[in-house]
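A short write-up of the structure that comes next.
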Amino acid sequence: MIAGLVGKTHVGKTTFFCASTLAPAKIGAVPFTTIEPNQGIASIRVKCVCMEMGVKDDPRNSVCSDGVRWVPVKLVDVAGLVPDAHKGRGLGNKFLDDLRQADGFIQVVDASGSTDANGNACQPGTRDPVDDVRFLEHEITMWMTGILKKDWERIVKGVRQLKEDGVALLTERLTGLMISRRHILAAINAKDELKKRIDEWTDEDLKVFVEELRKVSKPMVIAANKIDIRQAEVNIERLRQEFKDRTVIPCSAEAELALRLAAKKGIISYSPGDPDFKVLKEEGLNERQREGLRRIKDLLGRWGSTGVQESIESIYKKELRMISVFPVEDANKLTDHKGKVLPDVVLVQDGTTARGLAYKIHTDLGEGFLYAIDVRTGQKIGDDYRIKDRDIIKIVSAKGVKG
């Protein structure tokens, strides 16, 4: 699964990306600083099973700190969006094409209202961030509609004359957007007017379908950025009122980046998502740095966190429904074949079966799947067992036992 950072230009997307990943990326105060998509690795927090099981783990694909596993996830920061991007305005075509790989979005919004529709700086409070959310949704909907309309006559002909499965034809056309048959069926079943033959859909029906499809196939979290600017507080409440079905998280990407860099240099002790930090080398700070840290401490006291880590975890855990599982080879020692204790955490989507987990680990395991073992209970489980969050699983396969 990949989360895409989206939004109009000059709202702090790339700062958010750098704060999340500490990956190098060009940050600027002008529109279209980001042209090529930046890709990096962030982390989400998972409660490790090491303390529960009374073992000292040897993480391989993650980091364990005080019983918390930091599990890597992918983020991509794409070029900023401007109105009518679906018509090719700005870097619209490239922006939308870069979105194909994303399974869900974190929309970074300038909650202070200090960036106009085209990404230019304006007086704080001038721009309504509610309009920014709506325009981005509109652009994505129009983009998806355009892709479907290019082949709509062929789809209608396939259903009407060749008696083909309309859902299968839609899936084939949209698979490049990371849209599955499950998404398409969910969108159709969401509206009564769509529960008829696809070749009977009107233009309005198609619009309704794409709106629903966008919601189910590209879930979104709103990161209300720039909470260090006074006007943001009122706008965050407006965003929450206007988008009650969404998660709106107050953010300061700039503060998070400063904390992450200070922690990397050993100046402070801080973990992403924490409500506070501790200064370790105060004597080496100049007055400007001291004042900056004081302001960030006040911001954390007011908002509880910078919101960056919460945004990442919200898209992966809540919207994309990712859960963690700890695969092992030795059910007694909780080790892999090299003797490493609880070496890996695998993220799977809620609803994944034991066989699905086996395939995710290695194709041979899935093809040769015999059964799995729930390590906590010692019980055998079949291929249709649905993985639960923080399960510890041993897989037994005719093609080998892997963990």
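Along region 39-52 the Karplus relation, 6.51 cos²θ - 1.76 cosθ + 1.60 evaluated at θ = phi - 60°, assigns HN-Hα couplings of 10, x, 10, 9, 9, 10, 8, 10, 5, 6, 9, 4, 5, 4 Hz to successive residues, with x for each Gly and Pro.
Computed from backbone phi, the HN-Hα couplings of region 308-315 come to 5, 4, 4, 5, 5, 5, 5, 5 Hz, rounded to whole numbers (Karplus: 6.51 cos²θ - 1.76 cosθ + 1.60, θ = phi - 60°; Gly and Pro given as x). Helical content of the chain, expressed as a calculated mean residue ellipticity at 222 nm, amounts to -10500 deg cm²/dmol (DSSP H runs of 4 or more residues, -39,500 (n - 2.57) each, divided by residue number, nearest 500). Highest GNM mean-square fluctuation among Ser269, Ser311, Ser217, for the chain modelled with Cα contacts below 10 Å: Ser269. Label-to-label distance, Lys56 versus Glu291, with points set 7 angstrom from Cα along the beta-carbon direction: 4.7 nm. Maximal additional length on extending the Ala398-Ala168 stretch stands at 79.5 nm, based on 0.36 nm per residue less the C-alpha distance.
Here's how it looks for Tyr371: its modeled amide H is under 5 Å from those of Val396, which are all 5 or more places away or on a different chain.
The relative contact order of the chain, computed from alpha carbon pairs under 8 Å that lie at least 6 residues apart in sequence, is 16 percent.
Please work out the C-alpha center-to-center distance from region 171-187 to region 325-356 and express it in whole Å. Spelled out, the Cα-based centre of one part sits 30 Å from the other.
Between Arg321 and Gln379, the distance separating the two model label sites (each 7 Å from Cα on the Cα→Cβ line) works out to 2.2 nm. Would you please classify the overall shape of region 323-397 from the alpha carbon gyration tensor, given that a ≥ b ≥ c denote the square roots of the eigenvalues, rounded means a/c under 1.5, and beyond that prolate means a/b larger than b/c while oblate covers the rest? Rounded.
Trypsin sites (Lys or Arg not before Pro), restricted to region 164-203: which are DSSP loop and have at most 15 other Cβ atoms within 10 Å?
Qualifying residues, ordered by number: Lys191, Lys195, Lys196, Arg197.
Order of Val49, Val55 from fewest to most other C-beta atoms within 10 Å? Could you put the intermediate results ahead of the total?
Values: Val49 22, Val55 15.
Ascending Cβ contact count within 10 Å gives the list Val55, Val49.
Name the long-range amide H neighbours of Thr115: under 5 Å, sequence gap of 5 or more, or other chain; modelled H, no Pro or chain starts. Correct list: Cys122, Arg127.
May I ask you to compute the full-extension gain from Glu237 to Asp350, defined as 0.36 nm times their residue separation minus their alpha-carbon distance, rounded to one decimal in nm?
Length difference between fully extended and current span is 37.6 nm.
Please give the FRET efficiency for Glu153 paired with Ala117, using the beta carbon to beta carbon distance and R0 = 25 Å, rounded to the nearest 0.05. Walk me through the numbers before you get to the answer.
Values: r = 35 Å, r/R0 = 1.38.
It comes out at approximately 0.10.
Residue by residue, what Karplus-based ³J(HN,Hα) values in Hz, rounded to whole numbers, does region 213-225 have, using 6.51, -1.76 and 1.60 with θ = phi - 60° and x for Gly and Pro? Karplus-based 3J(HN,Hα) across region 213-225 equals 5, 4, 5, 7, 9, 10, x, 9, 10, 9, 9, 7, 7 Hz. Of all beta bridges that DSSP places with both ends in the chain, some 55 percent have antiparallel geometry. Summing +1 for each Lys or Arg and -1 for each Asp or Glu among the other residues whose beta-carbon sits under 10 angstrom from that of Lys191 gives -4.
Every read-out reported here was derived from the displayed coordinates using simple, explicitly stated rules and does not represent laboratory data. Small disclaimer: the values here were computed from a predicted structure and weren't measured. For neighbour counting, all protein chains shown are included, and Cβ atoms are generated from backbone atoms with ideal geometry for every residue, glycine included.
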